[in-house]
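What follows is a short report on a single structure.
The values are calculated or read from the model by the stated rules, or taken from the named source; none is laboratory data. Quick caveat, the model's predicted, so the values are computed rather than measured. Cβ sites come from the backbone with ideal geometry, for glycine too, and all protein chains shown count toward neighbours.
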Amino acid sequence: MSAPHTIPMPDTPDPQHIADAVTAFLKEHGQPDLSLEDLDAATQELVKELTTWMADNNTDVTPEALNTFLEEFGTLLDSFTAQDFTDLLFPKPPLLDTVIDFFTTDDWSYTKLQGESILQLGFQGENGQWHCTAQVNEDAQRFAFYSHLLTNAPPTAALAEFIARANYGLALGNFELDYADGEIRYKTSIDVQGDALSTDLVRNLVYANVLTMDQYLPGLRAVLSGSATPTQAIHRIEQSDPVPPQPTRLDPMTRLMASAAQPSSPAPEQQTQ
């Protein structure tokens, strides 16, 4: 077993000298994908928090005390992966913060459910309107976006066939049918474990979702009304170019009225327009 890394400390506990010593250590034993600027910034923050902690706990900031702490810190680094090291120095913001940032910047109206990492929204496409749900799971590091058909439908064989045929040709996302209550929705999702969720990724998932829902909505209605077979409906959709929907987000009151037939949801915690 190799000896743990140690950080040679200067004779005096001057913060800048300490920072220089830690930076030199990280450059030698740290991760090669971190820039020198990142290492310097992280080191300054580490030393600042360390000296503050020692002062708050009545611990003398002596070379001996710092050496003891940093020896243990070096031992800990031995067990770190590159992602552990990056997460420690540069913690990622909560997924929900990134999702809210996107919808706020992109001028969507939304309602956040009380006590939940869920946003409710509305969308108006070329072929109709529907309500949407944005949901994050912080523990699993997953983000999912759903477009919900405003009315449920009996889970017939024709409807199931349409959804199966539609899903077979889709590169991103999938339709879902709840056999318990006939809910129909389209889902796009991403797992960012080991990476980070950006507003660009949120944008890609959201607009891929609503574009697909709008493209397949006429065929879905045709199958539900019996005016087309699943094969005919899918053929018409996939033989035509998708028409981008107008980026119209429904305000909360309009969305609420449009989806009044849906099951009730928990009371909203906040509302942003």
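Select, from Pro245, Pro218, Pro230, the only residue that is modelled with pLDDT under 95, over 16 Å from Ala134 (Cβ atoms), touching a helix residue (DSSP H, G or I) at 6+ places or on another chain (Cβ under 9 Å) and surrounded by 11 or more Cβ atoms within 10 Å (Cβ to Cβ).
Only one candidate passes the filter, namely Pro245.
For the subset of region 126-164 comprising residues that are among the aliphatic types (A, V, I, L, M) and either over 20 Å from Asp178 (Cα atoms) or not assigned by TED's automatic domain parsing to the domain that holds Ser225 (or both), which member is surrounded by the fewest Cβ atoms within 10 Å (Cβ to Cβ)?
Ala140
As an exercise: evaluate Ile190 against (1) in a strand (DSSP E or B); (2) under 20 Å from Gln215 (Cβ atoms) and give the number of the one condition it does not meet.
Against the list (1) in a strand (DSSP E or B); (2) under 20 Å from Gln215 (Cβ atoms), Ile190 comes up short only on (2).
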